Amino acid sequence: MQRYIGIDLGGTNIKGALVSETGKILKQRSVPTHTEAGAEAVTKTIAAMICALAEGESVSGVGMGCPGTVDDQEGTVVYACNLGWVHYDVRTALRELTGYSVRLVNDANAAALAEAAVGAAKGAQSAVVVTLGTGVGGGVVLNGKLLTGFTGAASELGHMTIVADGEPCACGQKGCFETYASATALIRMTREAMARHPQSALHRIAAENGGVDGRTAFLARQVGDAAGGEVVRQYIHYLAIGVGNIVNIFFPEVVALSGGIANQGENLLAPLREEAAQREYGAAYSKKHPRILCCTLGNDAGVIGAALFAKD
Ligand code: BGC
């Protein structure tokens, strides 16, 4: 049985795992990403993780999922707005530090590969995975193969415009899906509502949970807080605009959502499905509809997908 290492480089954490050729996690590690320390320091942390996972093992390949555009032929991260990396030759740096020639894949593409192979979209002929984290990522899998586009940068779903001249995005544009549907966006909207509503339960809930996070507004809504309910409604509205666009472009068998927000399950999915269905072209006349689901591999999708990518 061959074993691969998968690394998931995120804006918040670097996760790594030793993964079997069938997508089973055998060993796992996670450390915070100190993006502010710069690309070289982050690379050293990744290298240390690869070496720790490889110790005493025979490893057939290493793959890494990175946010942004990656060039797997060149071994570079071409542009990652949330890391601040531009044309960074991460493969050479990692080869020098670990001896492994690391294959590169976009992080959301890795998650999509994993969900299509062994997760929520297993058995589906076509699937789109949308990752709702620090940013919003996307991966499109058709008959088991990733849609890459001409340059490899296909399915940057987080950077489709959903609000003309809307909120500024880290990519330099305005109104990107990411600026309304990421966890970062949900936290921003929650903070804005807190400033407008000093009496809202949002304040108590945030204080009890060590600060505002992606759960604060959902928890407030559960206890009947109007401001929390309004944040959730707004958030799901924006998410539905993006998901509706994805449905109309790809009409995939499955659209699967991942990220901490997806842990809300039906609280999120039920209203999302309702609004997305209204946006689905010709829905009233069609017998078949894309299924909107939550991913099933949780935080492990990225590392599993990166490992599976190294295998192929
Ligand atoms: C990047 C994507 C990435 C996503 C999630 C976006 O800002 O452009 O490439 O998949 O964040 O990390």
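Overview of values
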quantity	calculated
Order of H197, H159, H237 under a 10 Å beta carbon neighbour criterion, fewest first	H237, H197, H159
Kirkwood estimate for the range 6-59, i.e. one over the average of 1/r between Cα atoms, Å	11.6
Principal axis dimensions, the range 163-307 - Cα atoms, whole angstrom, descending	46, 38, 35
Value of relative contact order over the range 83-154, rounded to a whole percent, pairs C-alpha under 8 Å and six or more apart	23
Directionally averaged projected area (convex hull, Cα atoms, the range 1-138), nm²	8.0
Cα pair distances exceeding 25 angstrom across the chain, given as percent	49
Net +/- balance of residues flanking T92 in space, Cβ distance below 13 Å, scoring K and R +1, D and E -1	-3
Sequence-distant lysines (8 or more away, or on other chains) whose Cα lies within less than 19 Å of K145	K122, K311
Cα pair distances exceeding 14 angstrom across the range 221-303, given as percent	65
When the range 155-211 is reduced to its Cα atoms, the Kirkwood hydrodynamic radius in Å	12.5
Projected-area mean, the range 30-92, by convex hull of Cα positions, square nanometres	4.6
For C294, C169, C66, order by how many other beta-carbon atoms lie within 10 Å, fewest first	C294, C169, C66
Convex hull volume per residue for the range 134-243, taking Cα atoms only, in Å³	127
Dimensionless Rg/Rh of the range 98-156 - Kirkwood Rh, Rg from C-alpha atoms	1.01
Extension gain, E40 back to A277 (0.36 nm per residue minus Cα-Cα distance, nm)	80.8 nm
Under 9 Å, Cβ to Cβ, from N248 - net charge with Lys/Arg +1 and Asp/Glu -1	0
Cβ-based exposure ranking for V118, V105, in which fewest neighbours within 10 Å come first	V118, V105
Estimated Rh, the range 58-195: Kirkwood, alpha-carbon pairs, angstrom	16.1
Karplus-derived 3J(HN,Hα), 6.51/-1.76/1.60, for each residue of the range 53-68, Hz, glycine and proline x	6, 7, 4, x, 10, 9, 9, 8, x, 10, x, 9, x, 10, x, x
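Throughout, read-outs are computed from the coordinates displayed, never taken from laboratory work. Given the structure is predicted, the values throughout are model-derived calculations rather than measurements. A quick note on method: Cβ atoms are made from the backbone with ideal geometry, for glycine too, and the neighbour counts reach across all protein chains shown.
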